[in-house]
Amino acid sequence: MTRPRKLYVKSFGCQMNVYDSHRMADMLAPEGFAETARLEDADLVILNTCHIREKAADKVYSELGRIRALKAAAARHGRRLTIAVAGCVAQAEGQEIIRRAPAVDLVVGPQSYHRLPELLARTEREGAVVDTEFPVEDKFDILRAPSREAIRARGVCAFVTVQEGCDKFCTFCVVPYTRGAEVSRPVMKIVAEVERLADAGVREITLIGQNVNAYHGEGPDGMPWTLGRLLERVADLPGIARLRYTTSHPCDMDASLIAAHRDLPSLMPYLHLPVQSGSDRILERMNRRHSRAHYLEGVARMRAAQASMAFSSDFIVGFPGESEDDFRATLSLIDEVGYASAFSFKYSPRPGTPAADMQDQVPEAVKSERLYRLQAAIDRHQAAFNARCLGRTFDVLFDKPGRHPGQIVGRSPYLQPVQVMAPTTMIGEIAAVTITEIGANSLFGELVQTAAGAEPMLMEA
Ligand code: SF4
């Protein structure tokens, strides 16, 4: 009997890549590939790369160096180890990856994952293959659905891609070049995917897209639907207790999305809404297409519709030309919004983007000093937000065992990890928890007995 082949997939970066990694594993399961968590056991390694963070390509090449040694060792034992590089670095670097790392057998861009079995067969016949095309066929029509077992193994929270690509062209970002123009999936295909997930026990769905609130997929009536309408449709599906979506652009906060936050109890009151800078001058240089006032107005409209709304954001410090006054404008915006959490990065040029060629790059030492101050401000607001949770009662969706015996961990509506003493049989359930202690990285709480259908108590910002 032949040994089943083992697949090791490593995802870097965003949730879109996690979703894509699952789809690649689903595509390869019928070809006899079973997933393994041990790199040493793999017959096929896929690095699903991200180009957003600094030195992304360098990290991929250093990882490839390590895997090349494993490939050589496998060959000495008469075993073939195939190496594939997928994701945005694959799309951006293409043939260059094979030139710099000749041990790589396949370079595959995000639009070609549905062709994986065929591309792998080609590597066996022809040697190294590069496929970074934007094909005309719809990959979502060809990608295989996960098995019930695969869905179960991945837990009670799942991502569903509803939109890909971006037409915004922020001057620092590679996404419009690596993922292409905005494309939205039809409503009923998303509904069918969510139904399959719910049927296998998934309770929380995050709709994902590079620019998710620009969603405009075809509805069952043949008309383009907004994200707000899509959320309303998905919220109706039995079994789905929680909905989220990410990542949103401040220019695409339309009335239907705000109404969805007002009207849908399953839509969590927590929104990741990247602003990047609080200075209008820098926002313009970033080509963000919104001003500080426009962003704050969006936040205010959301809060007016849903008082328990909280926000997170992304920030770039030291964008070319950023002065101390520009940076202070970002700090004051952080104070004005009072974020529950945020991600922050020093600007680093991405080859091929307009900002990389701007002349007035900010010195590294200035960027580091500003990042330090910005993170201190974010930490202060996050600590204040968490402190306000003390003594409150939230619905928590439990998704895994805790680190200590008898403990399980779940997520609050605001994505904070919440630890409670409870049996593992409660994993997959939602229960009311009163927060009794605030830790450095998570909250601690006690289960509350509530009447069925009791409303969770949410934060008022
Ligand atoms: S909105 Fe801007 S930052 Fe976001 S993916 Fe599009 S170009 Fe990149």
(message) Restricting to the range 181-210, give me the number of residues that are open to solvent by 10 Å² or more (accessible area, probe 1.4 Å), in contact with a strand residue (DSSP E or B) (Cβ under 8 Å, 6 or more places away or on another chain) and within 15 Å of the ligand (Cβ to nearest atom).
(response) 4
(message) Given the condition open to solvent by 10 Å² or more (accessible area, probe 1.4 Å), within 30 Å of Phe345 (Cα to Cα) and touching a Ser or Thr at 6+ places or on another chain (Cβ under 7 Å), answer yes or no: does some residue in the range 109-117 qualify?
(response) no
(message) Can you confirm whether Asp167 is in contact (Cβ under 8 Å) with a residue 24 or more places away in the chain, more than 20 Å from Thr247 (Cα to Cα) and among the acidic types (Asp, Glu)?
(response) no
(message) Looking only at the range 258-273, how many residues end up being open to solvent by 20 Å² or more (accessible area, probe 1.4 Å) and either closer than 14 Å to Val317 by Cβ or within 12 Å of the ligand (Cβ to nearest atom) (or both)?
(response) 1
(request) Please tell me if Phe385 is open to solvent by 20 Å² or more (accessible area, probe 1.4 Å), hydrophobic (A, V, I, L, M, F, W, C), at negative phi and not in a loop (DSSP other than H, G, I, E, B). (result) no
(request) Identify all residues within the range 399-437 that are open to solvent by 60 Å² or more (accessible area, probe 1.4 Å), of a type in the set (Val, Ile, Thr) and either modelled with pLDDT of 95 or more or assigned to a loop (DSSP other than H, G, I, E, B) (or both); write none if there are none. (result) Thr436
(request) Working carefully through the options Ser332, Ser344, find the one that is open to solvent by less than 40 Å² (accessible area, probe 1.4 Å) and either closer than 23 Å to Lys55 by Cβ or not basic (Lys, Arg) (or both). (result) Ser344
(request) Kindly indicate which of Pro238, Pro186, Pro220, Pro176 is closer than 30 Å to Lys55 by Cα and either in contact with a Gly (Cβ under 9 Å, 6 or more places away or on another chain) or of a type outside the set (Ser, Thr, Tyr) (or both). (result) Pro176
(request) Find the helices (runs of 4 or more DSSP H) located wholly in the range 155-263 whose residues include 2 or more that are touching a helix residue (DSSP H, G or I) at 6+ places or on another chain (Cβ under 9 Å) and among the hydrophobic types (A, V, I, L, M, F, W, C), and list them. (result) 187-199, 227-235, 255-263
(request) Any residue in the range 286-312 that's open to solvent by less than 40 Å² (accessible area, probe 1.4 Å): show its pairings with residues that are basic (Lys, Arg) at Cβ separation under 7 Å, as long as the two are six or more apart or on different chains. (result) Ala305/Arg262; Met309/Arg303
(message) Can you pull out every residue in the range 241-253 that is open to solvent by 20 Å² or more (accessible area, probe 1.4 Å), more than 19 Å from Ser341 (Cα to Cα) and within 16 Å of the ligand (Cβ to nearest atom)?
(response) Cys251, Asp252
(message) Go through the range 16-46 and report how many residues are within 20 Å of Ser147 (Cα to Cα), in a helix (DSSP H, G or I) and either over 22 Å from the mean Cα position of the chain (by Cα) or of a type in the set (Phe, Trp, Tyr) (or both).
(response) 5
(message) Looking only at the range 146-171, count every residue that is open to solvent by 30 Å² or more (accessible area, probe 1.4 Å), closer than 18 Å to Cys50 by Cα and within 16 Å of the ligand (Cβ to nearest atom) and tell me the total.
(response) 1
(request) Among what's in the range 52-96 and is at positive phi and part of a loop (DSSP other than H, G, I, E, B), pick the residue that is least open to solvent (accessible area, probe 1.4 Å). (result) Gly94
(request) Just give me the residues in the range 274-285 being part of a loop (DSSP other than H, G, I, E, B), within 13 Å of the ligand (Cβ to nearest atom) and surrounded by 22 or more Cβ atoms within 10 Å (Cβ to Cβ), in sequence order. (result) Val275, Ser277
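The values are calculated or read from the model by the stated rules, or taken from the named source; none is laboratory data. Just so it is clear, the structure is predicted and the values come from calculations on it, not from any experiment. Neighbour counts are summed over all protein chains in view; Cβ atoms, including those assigned to glycine, are modelled from backbone coordinates with ideal geometry. Accessible surface is based on the protein model in full, side chains and every heavy atom, while ligands, DNA and RNA are left aside. Shrake-Rupley method; radii C 1.70, N 1.55, O 1.52, S 1.80 Å.
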